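Visitor: One structure, as structure tokens, below. Some questions next.
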Amino acid sequence: MAAKKKAKKKLPKKPVKKTAKKPVKKSVRKAARKVPPIPKGYHTVAPQLCFQDAAFAMAFYENAFGAKECFRLTEPNGRIGHAEMKIGDSHIMLSDEYPQMAVLSAKTLHGSPIRLHLLVKNSDAFMAHAVAAGATIVRPMQEEFYGYRAGVVLDPFGYTWMIMTQVAVVSPKEMQKRMVKLMAVHRPEGSVS
């Protein structure tokens, strides 16, 4: 066994290549660690809406809903590739259509199955302002069983917006009871039960 150990010692060692590592500045490392995974002011989910004319839609949302433009990225031909606006504390993302990437507007698709909810301080006043700006009432403002005063408008681009103000705190259990009672009185057309 001792002979084997001596034999191993006699073998030449492989040369070790030392590569010089570029020093990373502490400020760069600190900055990388400080970048939040979700940007400040954003929420986990944000809708992205597509339009035949995103610039016109942005002007409408500013007028009708009080949206504030954050920024827009515009191609040389004027087409908006990406824009962001804030309504209250929430971001919405917008763009013009890109049919080659299956990015199509609600108008092109003849409507959208998505309904956006706007939680506001005064739903009646907010809806009246939206209608004056060009939105169409789909469902008038009314007290709902789930504790909100709510109504629905359709914007000129094919998206529906439910405008809501909480007027009572209702537990999910109580909402379920109220819904069952409401359905017994007003059975939806086409329901089997």
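The values are calculated or read from the model by the stated rules, or taken from the named source; none is laboratory data. This structure is a prediction, so every number in the text was calculated from the model and none was measured. As a convention, Cβ positions derive from the backbone with ideal geometry for all residues, glycine included, and neighbour counts pool all protein chains shown.
Visitor: Checking the condition in a loop (DSSP other than H, G, I, E, B) and either in contact with a strand residue (DSSP E or B) (Cβ under 8 Å, 6 or more places away or on another chain) or at pLDDT below 95 (or both), which residue from G151, G111, G81 passes?
Guide: From the options G151, G111, G81, the qualifying one is G111.
Visitor: Could you grab me the full set of residues in region 39-71 that are touching a residue at least 60 places away in the same chain (Cβ under 8 Å), assigned to a loop (DSSP other than H, G, I, E, B) and out of contact with any His (no Cβ under 9 Å at 6 or more places or on another chain)?
Guide: Within region 39-71, just Q52 meets the criteria.
Visitor: I'd like to check something: does region 130-137 contain any residue that is without any contact (Cβ under 8 Å) to a residue 24 or more places away in the chain, within 16 Å of G158 (Cα to Cα) and outside any helix (DSSP H, G or I)?
Guide: Among the residues of region 130-137, at least one is without any contact (Cβ under 8 Å) to a residue 24 or more places away in the chain, within 16 Å of G158 (Cα to Cα) and outside any helix (DSSP H, G or I), which makes the answer yes.
Visitor: Let me spell it out: the conditions are (1) of a type outside the set (D, E); (2) touching a helix residue (DSSP H, G or I) at 6+ places or on another chain (Cβ under 7 Å); (3) surrounded by 20 or more Cβ atoms within 10 Å (Cβ to Cβ), and M58 meets all of them except one. Which number is the exception?
Guide: Status for M58: all satisfied but (2).
Visitor: Does S95 meet the test of being of a type in the set (S, T, Y) and either without any contact (Cβ under 8 Å) to a residue 24 or more places away in the chain or assigned to a strand (DSSP E or B) (or both)?
Guide: It is true that S95 is of a type in the set (S, T, Y) and either without any contact (Cβ under 8 Å) to a residue 24 or more places away in the chain or assigned to a strand (DSSP E or B) (or both).
Visitor: Looking at (1) touching a residue at least 12 places away in the same chain (Cβ under 8 Å); (2) surrounded by 14 or more Cβ atoms within 10 Å (Cβ to Cβ), find the lone condition where T74 falls short.
Guide: Single failed check for T74: (1).
Visitor: What number goes with the only condition from (1) outside any strand (DSSP E or B); (2) assigned by TED's automatic domain parsing to the domain that holds T136; (3) touching a strand residue (DSSP E or B) at 6+ places or on another chain (Cβ under 8 Å) that L118 does not pass?
Guide: Going through the list (1) outside any strand (DSSP E or B); (2) assigned by TED's automatic domain parsing to the domain that holds T136; (3) touching a strand residue (DSSP E or B) at 6+ places or on another chain (Cβ under 8 Å), L118 breaks only (1).
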